[in-house]
Amino acid sequence: MPSPTPFSSAVAPHDGDPRFRLRGLDGLRALAVAGVVLFHLWPGGLPGGLIGVDVFFVISGYLITALLLREAAYTDRMRLPQFWMRRLRRLVPAMLVCVAACAGLAALLGGDALAGMPRQILSALTYTTNWTGIASEHDYFRQTSPELFTNFWSIAVEEQFYLLWPVVLVLTCMLVVTWRGRRRVPAALAAASILAMAVVLWATGDATRVYYGLDTHAFGLMLGAALALSIPWSMYPPSSEAALPNRPGAANAGRILLGWLSLALLVPAALLLSEAQPRILFPWGLLAASLLALGVIQCLLPDVRGIGAEGLRRLLSIRPLAWVGARSYGIYLWHWPLWALAHYAMPGAAPAVRGVLVLAVTVAVAAASYRWVENPVRRRGFGGALADLLGGLRRPGRCQAATALALTAGLLGIAGTAAAWVNAPSMTEAQRVVAEGAESVARGGGGGASSEPPAGDGSPAEGPEAYVPSPGGEDVTVVGDSVTLAAAPALEAALPGATVDAEVSRDVPAGLEALERRRDAGRLGRIVVVSLSTNSEMTREQIDRLLDVAEDGRMRQVVLVTGQAPPSLAWVGASNAAVRDAVGGSDRLVLADWAAASDGRPDLLVSDGVHPQPAGQELYARTVADAVGQAKSELQAASG
């Protein structure tokens with residue numbers, strides 16, 4: 001039905017309640033932030049906890065649209081400057097405190113904790129963390145040297161939504177006269193975003209790009225907005241039930257059932273969805289999580305009546321959930337920077353212990369931020385909150401001392417942020433050791449040619465031949481990733497003349513392609529060393545393919561190297577298990593167990609827990625060399 005004015009609502013303003021608050025929404029926020037925190041602190045326990053971010057997106061899309069429409073229903077206009085100021089008052093104070101405190105602590109720690117700090121601080125303050133992360137090729141799913149403010153990417157996406165969507169909403173309400181037509185706008189934008197995520201991932205394979213981008217990850221926000229436009233009266237409920245629209249009993253029951261079912265399915269979704277299957281997660285898994293969040297929210301709306309709906313509202317309004325939900329922004333804001341600082345400050349601590357400590361500190365700091373930073377600014381504004389703070393200096397006793405302490409902490413935070421900016425290293429320890437290894441390979445150290453003569457047209461050799469092992473590595477080809485590249489100088493010392501073919505971020509499929517190119521060009525040694533567990537899981541099927549690649553009519557032995565990594569890189573453990581199992585069942589495979597050699601020795605690794613220090617590089621090279629020696633002996637005996 002056409003609307004008489006651009007902003008008129010389905011309910012007259014005098015029937016509405018300006019103090020409207022959607023019961024149960026804080027509980028849904030609590031579940032969302034719990035999923036994200038558990039995913040980050042204990043990734044193996046909740047592999048799909050990252051869907052909590054998409055639940056947040058749906059909540060934000062609904063609430064922001066609802067609030068703007070409700071304001072228009074009462075005033076016949078949407079005051080966008082005032083809306084943007086309210087958003088700044090809500091988000092900025094806690095963010096500034098978090099950035100200053102955590103950057104200051106990073107300045108005290110030094111080293112990798114400060115890596116990329118100028119970019120991180122600037123992007124946090126300008127709400128562009130998602131785009132600067134894309135530009136700097138920062139991989140959200142492969143972090144071994146975690147940046148402090150990585151989690152700010154989603155806050156940046158929401159802030160960009162807050163800036164753009166209200167303008168689109170105003171234009172939509174002015175140009176489209178029916179509610180049905182208006183809700184088609186966010187629905188179309190959601191469909192476009194889903195399509196963009198699928199297409200960009202297919203074209204580039206870059207999961208971080210589609211996860212970070214506002215264009216590719218806006219569908220949850222748009223679905224929430226579509227819900228707000230689909231049921232406009234629910235944003236400003238009437239003061240009496242009689243004014244609520246009459247709904248068929250079956251429709252009402254269906255919405256209640258959908259709400260409970262959606263809430264129940266969020267748990268298996270968080271357990272089953274994982275970035276290990278990007279083609280499923282992006283966008284379909286995230287879309288499923290967004291639709292489940294939508295299903296819960298629609299049941300919380302006031303026009304859904306009955307014991308079932310009230311039961312869901314009461315469940316999601318129990319005091320612990322409501323308490324966490326009210327502080328969910330601070331919990332989300334602080335948990336990752338504190339975890340990253342603990343990663344650098346306590347490298348030898350057990351992950352479970354470190355996670356519990358970070359969680360306890362996060363909740364305490366978020367509660368303090370909510371009480372003494374967020375609420376004062378939200379209620380009094382920036383100027384009023386500052387005046388109240390400075391006024392505390394004139395009150396004797398505890399108030400004066402607390403105010404002086406707060407001002408001192410603020411000055412220290414500013415000084416610490418400046419120190420973090422100035423002292424930030426140009427690269428992490430891992431980047432440094434990899435760069436040194438790459439330089440060695442470029443100079444020729446670790447890059448010697450294979451002693452195997454070229455096969456001309458790439459055809460396989462005919463008939464068996466006796467194998468006479470070389471004293472060094474002239475008949476050895478090493479194909480690996482950045483760990484191999486970092487250890488290249490040590491490998492050259494342990495296996496003089498070996499060919500090292502290593503690249504940063506090389507995964508198993510890319511490594512197999514490199515082996516095929518070398519085989520076809522006749523440049524594959526009789527001993528093939530494969531070290532590719534760091535960037536992707538190596539499966540038994542891929543190991544079988546590896547053996548097929550190496551078998552081209554010339555007898556070869558393959559050395560498989562296990563990987564060392566922190567628990568957050570869960571696929572490394574799975575790769576190691578597959579490698580050990582395969583070696584035990586094949587006489588063509590030899591194990592170089594770098595993981596076992598370096599377990600419990602954090603001193604051998606740089607701060608990322610993956611790449612070896614100089615002492616670790618020597619142990620890595622010795623582990624590989626010993627396995628190569630065994631492979632030579634077995635190959636000589638087989639060709640005897």
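Rundown of residues vs (1) more than 30 Å from Val508 (Cβ to Cβ); (2) assigned by TED's automatic domain parsing to the domain that holds Tyr62; (3) in contact with a Leu (Cβ under 6 Å, 6 or more places away or on another chain), yes/no style:
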site: Pro278; (1), (2), (3): no, yes, no
site: Leu294; (1), (2), (3): yes, yes, yes
site: Cys299; (1), (2), (3): yes, yes, yes
site: Pro302; (1), (2), (3): yes, yes, no
site: Arg305; (1), (2), (3): yes, yes, no
site: Ile331; (1), (2), (3): yes, yes, no
site: Val356; (1), (2), (3): yes, yes, no
Would you confirm, using the coordinates I've provided, whether Ala596 is under 32 Å from the mean Cα position of the chain (by Cα) and either outside the structural domain of Val508 (by TED's automatic domain parsing) or surrounded by fewer than 22 Cβ atoms within 10 Å (Cβ to Cβ) (or both)?
yes
Subset of the stretch 618-639, residues buried (at least 24 other Cβ atoms within 10 Å of the Cβ) and in contact with a Pro (Cβ under 8 Å, 6 or more places away or on another chain), comes to Tyr620
Filter the stretch 442-469 for residues that are surrounded by fewer than 22 Cβ atoms within 10 Å (Cβ to Cβ) and touching a Pro at 6+ places or on another chain (Cβ under 9 Å); the one that is modelled with the highest pLDDT is Gly445
Filtering the stretch 316-358 down to residues that are under 13 Å from Asp26 (Cα atoms) and of a type outside the set (A, V, I, L, M) yields Ser317, Arg319, Pro320, Trp323, Gly325, Arg327, Ser328, Tyr329
From the option list Gly205, Gly220, single residue qualifying as modelled with pLDDT under 90 and either within 30 Å of Val572 (Cα to Cα) or surrounded by 13 or more Cβ atoms within 10 Å (Cβ to Cβ) (or both) is Gly205
Counting only residues that are buried (at least 19 other Cβ atoms within 10 Å of the Cβ), outside any helix (DSSP H, G or I) and free of Cβ contacts under 8 Å to residues at least 40 places away in the same chain, the stretch 142-196 contains a total of 0
Note to self: Here is a check on your reading of the model: is Ala402 surrounded by 14 or more Cβ atoms within 10 Å (Cβ to Cβ), more than 16 Å from Leu91 (Cα to Cα) and of a type outside the set (Lys, Arg)?
What the structure shows: yes
Note on the stretch 509-552: residues of a type in the set (Val, Ile, Thr) and farther than 16 Å from Val583 by Cβ are Thr534, Val549
| request: Kindly check whether there is at least one residue in the stretch 418-433 that is in a helix (DSSP H, G or I), touching a strand residue (DSSP E or B) at 6+ places or on another chain (Cβ under 8 Å), touching a residue at least 12 places away in the same chain (Cβ under 8 Å) and on the phi < 0 side of the Ramachandran plot. | output: yes
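What about Pro496, is it modelled with pLDDT of 90 or more and in a loop (DSSP other than H, G, I, E, B)? So that I can check it myself, show each step before the final result.
Values: modelled with pLDDT of 90 or more: yes; in a loop (DSSP other than H, G, I, E, B): yes.
In short, yes.
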(message) Given the condition among the small types (Gly, Ala, Ser) and at pLDDT below 90, answer yes or no: does some residue in the stretch 478-488 qualify?
(response) no
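The values are calculated or read from the model by the stated rules, or taken from the named source; none is laboratory data. Keep in mind it's a predicted model, so treat the numbers as computed, not measured. Cβ sites come from the backbone with ideal geometry, for glycine too, and all protein chains shown count toward neighbours.
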